[in-house]
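Here is the structure we will look at.
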Amino acid sequence: MCDIFSGEITNWRTVGGKDQEIQTWQRPEDSGSQTVMQSQVMKNVRMISPQETEVASMMEGMIKVVAEYRNTNNAIGYTFRYYATQMNADKNIKLLAINGIAPTVENIRNDKYPYIVDALMVTRENTTSETQKLVEWFLTPQGQSLVEDVGYVPMDKTLH
């Protein structure tokens with residue numbers, strides 16, 4: 001992934017695919033998925049410049065923004081699993097295995113998938129009884145089922 005998004009690898013043939021140029025798609029600089037891509041995947045390696053498109057802005061006329069992902073045969077992009085499978089579910093988008101490990105609920109829960117971001121619930125030190133009840137409910141099977149229903153990976157039972 002790092003070699004592709006740094007521009008070192010530019011053809012799918014290099015990684016076992018067809019002889020096609022790799023079309024990389026990035027996220028806007030201020031997005032959470034871009035931040036995670038840079039910190040977990042790229043680390044200190046500079047990413048190639050993202051594809052851009054011009055859009056009309058009421059205040060500034062035409063401005064350049066990071067182009068939206070286009071799902072072509074030679075495209076590769078990244079986002080959070082939740083967005084790809086729940087929020088903007090697209091059956092034509094394939095989630096990639098990294099080093100043979102697919103981003104399944106089980107692999108994420110067991111920390112096998114290499115790129116995982118924890119989502120946390122945080123409360124103030126002195127919580128109200130209503131807040132405490134909500135936290136306790138989220139730890140129940142019904143609460144964890146809701147977490148999974150909306151596309152996140154529920155907690156491992158041993159973490160409660």
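Considering only region 21-36, how many residues are surrounded by 14 or more Cβ atoms within 10 Å (Cβ to Cβ) and either in contact (Cβ under 8 Å) with a residue 24 or more places away in the chain or over 22 Å from the mean Cα position of the chain (by Cα) (or both)?
8
Where residues in region 97-114 are under 23 Å from K43 (Cβ atoms) and in contact (Cβ under 8 Å) with a residue 12 or more places away in the chain, which of them is farthest from the chain's Cα centre (by Cα)?
Once the filter is applied, the top-ranked residue is N99.
Counting only residues that are in contact with a Ser or Thr (Cβ under 7 Å, 6 or more places away or on another chain) and either modelled with pLDDT of 85 or more or over 19 Å from F80 (Cα atoms) (or both), which one in region 115-156 is surrounded by the fewest Cβ atoms within 10 Å (Cβ to Cβ)?
Residues of region 115-156 that are in contact with a Ser or Thr (Cβ under 7 Å, 6 or more places away or on another chain), as a first pass: 123, 131, 135, 151.
Narrowing further to those that are either modelled with pLDDT of 85 or more or over 19 Å from F80 (Cα atoms) (or both): 123, 131, 135.
Numbers: T123: 11, T131: 13, V135: 14.
Here the answer is T123.
Looking at region 61-75, is at least one residue surrounded by 12 or more Cβ atoms within 10 Å (Cβ to Cβ), modelled with pLDDT of 80 or more and out of contact with any helix residue (DSSP H, G or I) (no Cβ under 9 Å at 6 or more places or on another chain)?
yes
Go through region 1-16 and report how many residues are free of Cβ contacts under 8 Å to residues at least 24 places away in the same chain and under 17 Å from I98 (Cα atoms).
Final tally of qualifying residues: 5.
Assuming K91 fulfils every condition listed in (1) of a type outside the set (V, I, T); (2) at pLDDT below 85; (3) surrounded by 10 or more Cβ atoms within 10 Å (Cβ to Cβ) apart from one, which condition is it?
Of the numbered conditions (1) of a type outside the set (V, I, T); (2) at pLDDT below 85; (3) surrounded by 10 or more Cβ atoms within 10 Å (Cβ to Cβ), the odd one out for K91 is (3).
Going by the structure shown, is D111 in a loop (DSSP other than H, G, I, E, B), outside the structural domain of Q23 (by TED's automatic domain parsing) and surrounded by 10 or more Cβ atoms within 10 Å (Cβ to Cβ)?
no
Checking S39 against (1) at pLDDT 90 or above; (2) surrounded by 15 or more Cβ atoms within 10 Å (Cβ to Cβ); (3) of a type in the set (S, T, Y), which test does it fail?
Against the list (1) at pLDDT 90 or above; (2) surrounded by 15 or more Cβ atoms within 10 Å (Cβ to Cβ); (3) of a type in the set (S, T, Y), S39 comes up short only on (2).
Output the number of residues of region 43-60 satisfying the condition of being at pLDDT 90 or above and buried (at least 16 other Cβ atoms within 10 Å of the Cβ).
1
The values are calculated or read from the model by the stated rules, or taken from the named source; none is laboratory data. Because the structure is a prediction, the values reported are computed rather than measured. Heads up, the Cβs are rebuilt from the backbone with ideal geometry, glycines too, and the neighbour counts pull from every protein chain shown.
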